Amino acid sequence: MVKKDKKAEAPAEHETAEVSGTLTKRVVLPAEVSMNLLIRPETSPVYTPLALQAHIQGEVVLDADISKEGSVDALRVISGHPLLISAAVNAVKEWRYKPYMLNGAPVAVNTHITVKFSLLR
């Protein structure tokens, strides 16, 4: 009998995070999967006047904790131009996701979100 690695069978990794004094398991999702769950990206990032004046473009990459209800619980900056970060964070805080289901129950997730800034629209 061949023993299978249980982690290889799981759809995603798990991490434990402390939220309000309690330990919460979060499923780590690839960015492509989490983007398919996005239901309300209505809040688009707004360029700051200084970023516009400096003609700054690029991407801001955020590490996001999303609740089992689909709201954004926490954001951490991974990379991005300093003049674009606040606009990206402010927009993503308002985004909403469909709950990620694991074994028939909604679970909290962790994922990366890339916000693109372009002066050409």
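Filtering segment 83-121 to residues that are under 21 Å from residue 39 (Cβ atoms), in contact with a Phe, Trp or Tyr (Cβ under 8 Å, 6 or more places away or on another chain) and not aliphatic (A, V, I, L, M) leaves only 106.
What residue, among those in segment 32-45 that are more than 14 Å from the chain's Cα centre (by Cα) and exposed (fewer than 13 other Cβ atoms within 10 Å of the Cβ), is nearest to residue 106 (Cα to Cα)? So the residue we want is 42. So, residue 89, is that one outside any strand (DSSP E or B), modelled with pLDDT of 95 or more and surrounded by 16 or more Cβ atoms within 10 Å (Cβ to Cβ) or not? Here the answer is yes, as residue 89 does meet what is asked.
Being in contact (Cβ under 8 Å) with a residue 24 or more places away in the chain and of a type in the set (D, E, K, R) holds for only one residue in 76, 96, and it is 96. On the basis of being within 16 Å of residue 114 (Cβ to Cβ) and either hydrophobic (A, V, I, L, M, F, W, C) or touching a Lys or Arg at 6+ places or on another chain (Cβ under 8 Å) (or both), does residue 102 make the cut? No; evaluated as a whole, the condition is false for this residue. Is at least one residue of segment 14-29 in a loop (DSSP other than H, G, I, E, B), at pLDDT below 90 and over 23 Å from residue 85 (Cβ atoms)? There is at least one residue in segment 14-29 that is in a loop (DSSP other than H, G, I, E, B), at pLDDT below 90 and over 23 Å from residue 85 (Cβ atoms).
The values are calculated or read from the model by the stated rules, or taken from the named source; none is laboratory data. Note that the structure is a prediction, hence the values are computed from the model and not measured. Here the Cβ is made from the backbone with ideal geometry for all residues, glycine too, and neighbour counts use every protein chain on show.
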